[in-house]
Structures are given as C-alpha cells and as structure tokens.
Amino acid sequence: MYPLIRNRRLRTSESIRRLVRETVITPDDFLVPLFVVEGKGIKEEIASMPNYYRLSLDNLEKEVRELWQMGLCAVLLFVKVPDNLKDNEGTEALNSNGLMQRAIQTVKSACPEMLVMTDVALDPYSSFGHDGIVAEGKILNDETSEVLGEMSISHAQAGADFVAPSDMMDGRILTIREALENEGLTDTGIMSYAAKYASAFYGPFRDALDSAPVAVQNVPKDKKTYQMDPANRFEAIKETQMDVAEGADIVMVKPGLAYLDIVREIRNEVEVPVAVYQVSGEYAMLKAAAEKGWLDHDAVMLEQLIALKRAGANIIASYFAKDAVRLL
Ligand code: PBG
C-alpha cells in the first residue's frame with residue numbers, strides 16, 4: 001500500500017524500464033506483405049499507401065534479399081492480376097505458371113530460407129472482385145472452397161511453405177487440409193484468417209490490387225455475407241475454434257488496432273500461434289497524419305506494434321515491418 005509501495009520506482013530510469021519491460025518487438029515478429037505485378041523493372045508506389053510498392057519479379061527478388069539482410073524471415077505474397085485474366089471462377093489462380101506461382105519460385109530461389117506464405121482467395125482473380133464464385137447474387141461457399149483447395153495445392157507445389165486463406169468461406173480449412181494431404185503435401189502449413197471482419201480499413205489494399213467488388217447488378221456490393229460483422233465477439237471465437245479443429249496451424253485476427261480485444265480473446269482461447277494483420281487502412285492513417293505533421297510517425301508506429309503484441313499477437317503482418325526493424 002502507498003506510501004510503502006511507489007509504482008513510479010520501476011519507471012525512474014531507462015535502465016529499470018528496460019529491465020521490467022514486458023513486451024519487446026523484434027524482427028522475428030513480422031510477416032511482410034508484398035504486392036507483385038507482371039512486368040520488368042517495376043516499382044510502383046501505391047497511391048493510398050505512401051512508400052509501399054507493387055513490385056515486378058526482378059524487384060521482388062531484390063526486396064526479399066534486403067528483407068533477409070535486415071533480419072526479416074517471412075513474407076506474405078499478394079498478386080495484382082491483369083484484368084484480361086480475371087473471370088468468375090478464378091481460373092487463372094490455378095495456372096501453374098501464373099504470377100503467384102512464379103513469385104513463390106522467385107522468392108525461394110533468391111532466398112531459400114525465407115518463409116513464404118501466400119494469399120489464398122479469389123478476389124485478385126475475380127472479375128467481380130469477390131473472394132468467391134458469384135451466382136444469382138450470392139457468393140457460393142462449397143464451390144469456392146474446392147477452388148481454394150486446388151489453389152493451395154498449386155502454391156504448395158510452387159514452393160509455398162504456408163497457404164493463408166483470407167476468404168472466410170465456411171469449412172475451407174478442412175477442404176484445403178484434405179486437398180494438401182491427398183497430394184502428399186503434408187508439410188505445407190495453413191495460416192487461417194480465422195476472424196476476419198468486413199472492415200472499411202481494407203480500402204488502400206483494394207486500390208493496390210484493383211480488387212474491390214465491382215458495381216454491377218446482381219453482384220453483392222460488399223463482403224458482408226462472408227466476412228464478419230465488426231459488432232461480434234463470440235463469432236470470432238467460434239470461427240477460430242472451428243478453424244483450429246479443421247487443421248489451421250496458425251490463426252489470424254484482422255484488422256489489428258480496432259480489434260485488440262478480439263486478439264486477446266483468441267490468444268486466451270486457443271493453443272496455436274495467433275497472428276494479427278495490421279491492415280492497409282491502419283498504415284494509411286498513420287502515414288497521412290505524419291505527412292501533415294500531426295503525429296510522430298515512428299513513435300506512433302512502435303506504440304501500435306507494441307499494442308498488437310501486448311494484446312496477444314505472436315505474429316504481426318505489417319506494412320511497417322521494414323520501418324520498424326530499422327529503428328530496433
Ligand atoms: C482479400 C484480402 C484483403 C486483404 C487481405 N486479403 C481485402 C479484402 O478482404 O477485401 C486486406 C489487407 C489490407 O487491407 O491490408 N482476400
């Protein structure tokens with residue numbers, strides 16, 4: 001009891017603060033999202049994501065070497081698919097010589113030890129910008145999961161270590177696990193976007209990949225019939241428990257900062273590693289405020305990353321990974 005106990009004793013110097021600090025960010029915490037495009041020598045800045053780029057395969061190779069040099073050990077690949085290759089079924093996703101498959105090979109040959117995770121969802125390949133096949137105004141569940149299973153096999157055969165389904169179809173973890181098993185791909189892991197919310201924070205990402213749902217008749221204009229309602233908490237726990245039961249090796253909560261309560265709930269609930277995705281809108285907000293001189297970029301960035309880890313995340317997918325590691 002005060003005055004015998006004075007909590008400020010543990011804050012009197014940087015040394016004592018270091019000694020009692022509970023949460024420390026290291027390069028090992030990060031999963032680095034990368035956007036890949038066709039072409040050569042391309043490094044295009046994404047308008048709503050300052051200092052973040054779409055890279056052609058030659059630049060992807062350079063980037064991955066740099067990341068490895070910096071001590072970063074895992075990447076999460078996304079591809080921007082040319083419009084003429086998009087259709088309702090995501091046919092191009094299964095092309096063994098497609099952009100994703102070549103991107104996986106590029107990373108693995110540049111840097112064999114770099115852990116490669118791949119986005120498994122139809123939206124970059126969908127002419128409607130949906131994560132599933134569209135029919136009569138609905139997003140088909142089981143038909144989509146079948147394609148995701150095939151897609152996962154294709155990524156694994158190209159060299160992916162983990163597939164990361166980000167679509168939120170029911171039962172897709174089981175479908176993917178069984179598809180991988182049937183091909184003997186027993187070492188390929190699954191990081192499930194287990195609790196992914198229908199969030200407005202994904203806007204800049206959809207700019208990056210040109211993957212927003214299109215405005216045409218009889219196509220849902222948002223993803224609310226598959227991604228979760230931001231108002232719900234129990235549903236996140238149920239989704240996550242089901243994914244673990246279906247064989248997810250890692251589960252993810254997405255977005256990050258607005259969902260720290262969910263990160264903590266899930267961390268307390270399951271025994272697998274928990275990842276969090278600090279999404280494009282979170283990145284854009286801080287970049288914009290910093291550009292205006294309204295927030296201290298580096299201090300706010302580190303505070304947010306600490307908050308994600310303190311909330312219970314074991315892995316952080318973040319566009320700030322390089323910025324952060326430079327400061328550590
Ligand atoms: C799509 C996907 C999205 C993100 C990752 N995978 C967008 C969406 O669901 O519409 C968002 C990532 C971000 O905003 O940084 N399957």
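Highest mean first, the peptides 2-12, 185-195, 86-96, 230-240 sorted by other C-beta atoms within 10 Å per residue fall in the order 185-195, 86-96, 230-240, 2-12. Roughly how many debye, to the nearest 20, is the charge dipole of the chain about its Cα centre, given +1 on each Lys and Arg Cβ, -1 on each Asp and Glu Cβ, and no other charges? About 1820 debye. Of the solvent-accessible surface of segment 23-327, computed with a 1.4 Å probe and all protein chains present, 50% belongs to carbon and sulfur.
State log₁₀ I(q)/I(0) for the chain at q = 0.09 Å⁻¹ as given by the Debye formula over alpha-carbon point scatterers of equal weight, solvent excluded. Log-scaled intensity ratios, in q order: -0.46.
What does the extension gain come out to for SER15 and ASP83, with contour length at 0.36 nm per residue minus their alpha carbon separation? Intermediate values should be presented prior to the final figure.
Details: separation 68, 0.36 × 68 = 24.48 nm, distance 5.55 nm.
Extra length from SER15 to ASP83 when fully extended: 18.9 nm.
In the chain, the longest principal axis of the Cα atoms and the axis of helix 234-246 are about 60 degrees apart. Return, ordered by residue number, the residues of segment 306-327 whose backbone nitrogen is under 13 Å from a label point located 7 Å along Cα→Cβ of GLU22. It comes to 307-313, nothing else.
Take every DSSP beta bridge with both residues inside segment 23-327 and express the antiparallel ones as a percent of the total, to the nearest 5. Counting DSSP beta bridges with both partners in segment 23-327, the antiparallel share is about 15 percent.
Relative to its Kirkwood radius, the Cα radius of gyration of segment 23-145 gives an Rg/Rh of 1.02. Rolling a 1.4 Å probe over the heavy atoms of the protein chains gives the chain an accessible area of 46 Å² per residue. Its alpha carbons give segment 33-90 an Rg and a Dmax of 12.8, 40 Å. Here the Debye sum runs over all C-alpha atoms of segment 236-315 as equal scatterers in vacuum, and log10 of I(q)/I(0) at q = 0.16, 0.17, 0.24 Å⁻¹ comes out as -0.60, -0.66, -1.04. Computed from Cα positions, the angle between helix 57-69 and the longest principal axis of the chain comes to roughly 30 degrees.
Past 27 Å, Cα to Cα, is the threshold; run LYS86/LYS223; LYS196/LYS292; LYS80/LYS224; LYS40/LYS309 against it and keep the listed order. Show your work: numbers first, answer last.
Working: LYS86/LYS223 18 Å; LYS196/LYS292 31 Å; LYS80/LYS224 23 Å; LYS40/LYS309 37 Å.
Cα-Cα > 27 Å for LYS196/LYS292; LYS40/LYS309; rest within.
In this simple spin-label model, placing a label point 7 Å from the Cα along the Cα-to-Cβ direction at both ASP296 and ARG65 gives a separation of 3.7 nm. Note on the chain: with a GNM built from Cα contacts shorter than 10 Å, the maximum mean-square fluctuation among THR106, THR144, THR26 falls on THR26. Taking segment 160-184 and a reference point 7 angstrom along Cα→Cβ of ALA135, the backbone N atoms nearer than 20 Å belong to 167-173, 175-176.
The angle between the Cα long axis of helix 172-182 and the main principal axis of the chain comes to about 70°, on a 0 to 90 degree scale.
At most 13 other Cβ atoms within 10 Å and a DSSP loop assignment: could you name the GluC sites (Glu not before Pro) in segment 10-44 that fit?
On the way: sites: GLU14, GLU22, GLU38, GLU44; in loops: GLU22, GLU38.
Loop-located and lightly packed - GLU22.
The values are calculated or read from the model by the stated rules, or taken from the named source; none is laboratory data. As the structure is a prediction and not an experimental result, all values here were calculated from the model. Note: ideal-geometry Cβ built from the backbone for every residue, glycine included; neighbour counts use all protein chains shown. What goes into the accessible areas is simple: the full protein's heavy atoms, side chains included, and nothing from ligands, DNA or RNA. Shrake-Rupley method; radii C 1.70, N 1.55, O 1.52, S 1.80 Å.
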